[in-house]
Amino acid sequence: MFANSSQHKYWLFSGETELAKHRAEANKTYIEHYRQGQTDEEVAKFFLTPAEERILGRQYEVVLRKFCSEFQPPMPKCVIGTSLAFFKRFYVFNSTMDYHPKDIMLTCVYLACKVEEFYVPIGQFVKNLRGDREKFADAILSFELTLMGKLNYQLTVHNPFRAMEGFMIDLKTRHQELHNPEKIRKYVEEFLDRSLLSDACLIFSPSQIALAAIKFGAAKESISLDGYIKTVVLRLASDKEAENTLYQLRRVKAIVKSFEPTTREQAQAVQKKLDRCRNQENNPDSDIYKQKAIDKLNAEDDIPAVKRTKISQDNGS
Amino acid sequence: MPKEEPTYPFCPDETKYEKLAKIGQGTFGEVFKARDKKGKIVVAMKKVLMENEKEGFPITALREIKILQVLKNDNIVNLLEICRAKATPHNRYRSTVYLVFEFCEHDLAGLLSNPQVRFNLAEIKKVMQQLLNGLYYIHSNKILHRDMKAANILITKTGKLKLADFGLARAFSDKLNRYTNRVVTLWYRPPELLLGERNYGPAIDLWGAGCIMAEMWTRSPIMQGNTEQHQLTLISQLCGSITADIWAGVDKLDLFNKMELPKGQKRKVKERLHGYVKDQYALDLLDKLLTLDPSRRVNSDDALNHDFFWVEPLPQDLNHMLSRHNKSMFEYLAPPRRRGPIQQQQGAPGAGPSGGPGGQGGPGGVRPAGHNPDQHFERIF
Ligand SMILES: Nc1ncnc2c1ncn2[C@@H]1O[C@H](COP(=O)(O)OP(=O)(O)OP(=O)(O)O)[C@@H](O)[C@H]1O
Ligand SMILES: [Mg+2]
């Protein structure tokens, strides 16, 4: 299933280096489009740097996860995983200056609810937000198609939770030495939770992440699962493949561990800068955006006329 | 793993295609025949209706996209890409999304409504074999189609059959579930759905396959109920009374006591279809597909192993027969099939034209029985 999925084909990258390259490109593309003859110095002052964009992205990933964990009705883990995966995928090729993460974040969660069959009507969805709920609803709905398009309509996300449960069951039946696998569960889940805030899902397959969670979760209880991994999970693998898998598991761990939360001050400074350099056409509060909305409303008044021309076109073809 | 051109090889806009003709109109969207301006390949574009959507992109279209991206099989319609029409004054600043499919020349409803098109027994076998093969494939991928009917079965000009219209499809699990029972066009809706079952499974699609199989001979849908009650009456008249004796647990279903179920009806599937279907193997398979109790209804694997497909005449390709017809045949374009006024079946309470109240919108809305309101079918039973 996973092997021929779009996740495998289009949304796994070789590592942080490749991700950084794509993100830097998105940053550069945006700046080139809007700098209008500003000097490099002015650009640096006015626009976000790739590093600043990362601060913002990470900050919003934390906000997103918090929003999800407090969401009513309580949402299944896979909705959180899918929301975060959408968010991360979106900002591999798009700049936070072009689309503000606060809009995209909510849209990701709303779309993930639909995709994961955890359907929450928009009215109920925005009850989880404080402030002008109607405005939130409008923003979410207006960014939904953009988000879907930028995700190339590849909406199926394979999360590590199911693979993790699979390994837990397997441990029970095929690894008797571990008398009570449930005692490592807490650490395993902690690892997966942390992995959600890292780039792991853009680099590793869900089963690699799940296996890493099991291995390093067990290690916290001073239990080594290396024997299980070598003789059970990798029993059909060649030595080289086995070695590579173990290497990948260490990489998963390194990437999950390397996550450092951004400080409030850091994030605030970047946000301030963003308020000025963001794309106003995609800002629901901007005059340009509002004007577009008004044009749309006006155009809607002409529906009959438009329909008529459409009908005659249809007849013609 | 690194992709060279990661962003937009797949996210084209609609101007890439030129529309040639409208070939379908459903409850949830319009379908056009179109041509790729560059490659000159012919495609079918299904428009996702966004008007009246308070909840943004419709969840049914979302499922359709997700499901079709995974299903890749000779007997499943091939989704080529998704494309989007930009918001412009022309479309009232609404952007529209299209699902772009490989084009198929005909749909089965169109073919069956044309008396010039004749299927011999071997060709009917080929149709059914491909149809069951498609069902076998989707069911092994844990997908329910939930809208089996002749208009949703496409046939290419070389006679390859493709299951289409995954607009009501969804993933299923073997656990206890509560899906909506407001799915499947009324005339093809199995008894368990009509009785309010919400924990249903692949068997619902096999009932539809049975209805379609019979239609290969009758040329019109075999049970054209006007209401859910009427549909149950027609089913009982053909398949016998619905009782807990022949269907363990049916009395536990929500609507078992609310619907009027004809008593003392004998099962007459073979007898009544015998007027149309002479082949004993065909009758036997029909009998197994139109089994009331879903847990005893034949599954697609066993149906494919049925003698019907393995005794002479063996299934035969359709390309030869179809090569005699050079015009596309679709339900939407078919002339109304009028054979005198529709006769009201006795015992049909009311004559509402659609599949019951409250069927519009929402995830898994019920469709009216026939897509084209002008379409009239000859009554079979
Ligand atoms: N790939 C295709 N090639 C040729 N014709 C097609 C194709 N897809 C659909 N059609 C035609 O369009 C009709 C309607 O398409 P489809 O059944 O997918 O959607 P619908 O019934 O309008 O929509 P929905 O099921 O979402 O309400 C089909 O019955 C068929 O005649
Ligand atoms: Mg249809």
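The values are calculated or read from the model by the stated rules, or taken from the named source; none is laboratory data. Since this is a predicted model, take the numbers as computed values, not measurements. Positions of Cβ are backbone-derived with ideal geometry, glycine not excepted, and every protein chain shown enters the neighbour counts. Accessible surface areas use protein heavy atoms only, side chains included; no ligands, DNA or RNA. Shrake-Rupley method; radii C 1.70, N 1.55, O 1.52, S 1.80 Å.
Taking A:Ile209, A:Ile122, A:Ile140 as the candidate residues, the one with maximal mean-square fluctuation in a Gaussian network model of chain A, Cα springs under 10 Å, is A:Ile122. Principal axis analysis of the Cα atoms in region B:162-204 yields extents of 30, 22, 15 Å, listed in decreasing size.
How far, in degrees from 0 to 90, does helix A:16-34 lean away from the longest principal axis of the Cα atoms of chain A, to the nearest 10? The angle comes out at about 10 degrees.
In loop segments of region B:150-186 as defined by DSSP, the trypsin sites (Lys or Arg not before Pro) with at most 15 further C-beta atoms inside 10 Å of their C-beta are B:Lys175, B:Arg178. Accessible surface of B:Leu333, taken over heavy atoms with a 1.4 Å probe and every protein chain present, rounds to 90 Å².
Peptide A:154-165 is shielded by partner chain Cβ atoms: per residue, an average of 1 of them sit within 10 Å of its Cβ. All Cα-Cα separations within region A:188-307 were binned at 5 Å from zero, giving a P(r) of 2, 9, 13, 12, 10, 8, 6, 7, 7, 8, 7, 5, 4, 2, 0, each value a whole percent of the pairs. Counting only alpha carbon atoms, the long axis of helix A:206-220 and the longest principal axis of chain A meet at about 50°.
Checked against a 20 Å cut-off, the cross-linked pairs B:Lys126/B:Lys278; B:Lys38/B:Lys66; B:Lys16/B:Lys54 give Cα-Cα distances beyond that limit for B:Lys38/B:Lys66; B:Lys16/B:Lys54. Using 26 Å as the Cα-Cα cut-off, could you pick out the over-long pairs in A:Lys135/A:Lys272; B:Lys47/B:Lys327; A:Lys88/A:Lys292; A:Lys186/A:Lys253; B:Lys19/B:Lys157? Too far apart for the 26 Å limit: A:Lys88/A:Lys292. Straight-line reach from B:Lys258: taking Cα to Cα under 15 Å and skipping same-chain neighbours fewer than 8 places apart, the aspartates and glutamates in range are B:Glu192, B:Glu197, B:Glu228. Per-residue 3J(HN,Hα) values for region B:277-294, derived from phi via the Karplus relation 6.51 cos²θ - 1.76 cosθ + 1.60 with θ = phi - 60°, read 10, 8, 5, 5, 5, 4, 4, 5, 5, 4, 4, 6, 6, 8, 7, 5, 6, x Hz in sequence order (x marks Gly and Pro).
The Kirkwood radius of the protein assembly as shown, taken over pairs of alpha-carbon atoms, gives through the Stokes-Einstein law at 10 °C and 1.306 mPa s a diffusion coefficient of 56 µm² s⁻¹.
Assuming 1.567 mPa s and 4 °C, estimate D for region A:148-243 with Stokes-Einstein, Rh taken as the Kirkwood radius over Cα pairs, in µm²/s. Can you show the working numbers first?
Numbers: Rh = 14.3 Å.
The diffusion coefficient I find is 90 µm²/s.
Can you give the percent of C-alpha pairs in region B:70-213 whose distance is more than 21 Å?
Working: 5074 of 10296 pairs.
Of all Cα-Cα distances in region B:70-213, 49 percent exceed 21 Å.
Straight-line cross-link partners of A:Lys77 among the aspartates and glutamates, defined as a Cα under 12 Å from its Cα and at least 8 positions apart when in the same chain: A:Glu116, A:Glu189, A:Asp193.
The charge dipole of region B:12-102, taken about its Cα centre with unit charges on the Cβ of Lys, Arg, Asp and Glu (plus for the first two, minus for the last two), comes to roughly 280 debye. Evaluated at q = 0.10, 0.11 Å⁻¹, the base-10 log of the normalised Debye intensity for region A:77-179, with identical point scatterers placed on the Cα atoms, takes the values -0.36, -0.42.
Please list log₁₀ I(q)/I(0) at q = 0.09, 0.15, 0.17 Å⁻¹ for region B:107-345, using the Debye equation with identical point scatterers on the alpha-carbon positions. Log10 of I(q)/I(0), two decimals: -0.37, -1.06, -1.37. Semi-axes of the equivalent ellipsoid for region A:130-189, computed as √(5λ) from the eigenvalues of its C-alpha gyration tensor and ordered from largest down, come to 42, 17, 6 Å. Remark on B:Glu30: its backbone amide H falls under 5 Å from those of B:Lys47, a criterion applied only to residues 5 or more positions apart or on other chains, H modelled at 1.01 Å from N. For region B:12-102, the spread of Cα coordinates along the three principal axes comes to 36, 29, 23 Å, biggest extent given first.
The aspartates and glutamates whose alpha-carbon is closer than 19 Å to the alpha-carbon of A:Lys240, local same-chain residues fewer than 8 away aside, are A:Asp226. Counting charges near A:Phe46 (Lys, Arg +1; Asp, Glu -1) among other residues having Cβ under 10 Å from its Cβ returns a value of +2. Across region A:2-101, Cα-Cα pairs more than 18 Å apart make up 56 percent of the total.
For A:Asn283, neighbours were defined as the other residues whose beta-carbon sits under 10 Å from its Cβ, and their charges (Lys and Arg +1, Asp and Glu -1) total -3. For chain A, the spread of Cα coordinates along the three principal axes comes to 74, 54, 42 Å, biggest extent given first. The mean of 1/r over all pairs of different alpha-carbon atoms in region A:199-261, once inverted, gives a Kirkwood hydrodynamic radius of 12.2 Å.
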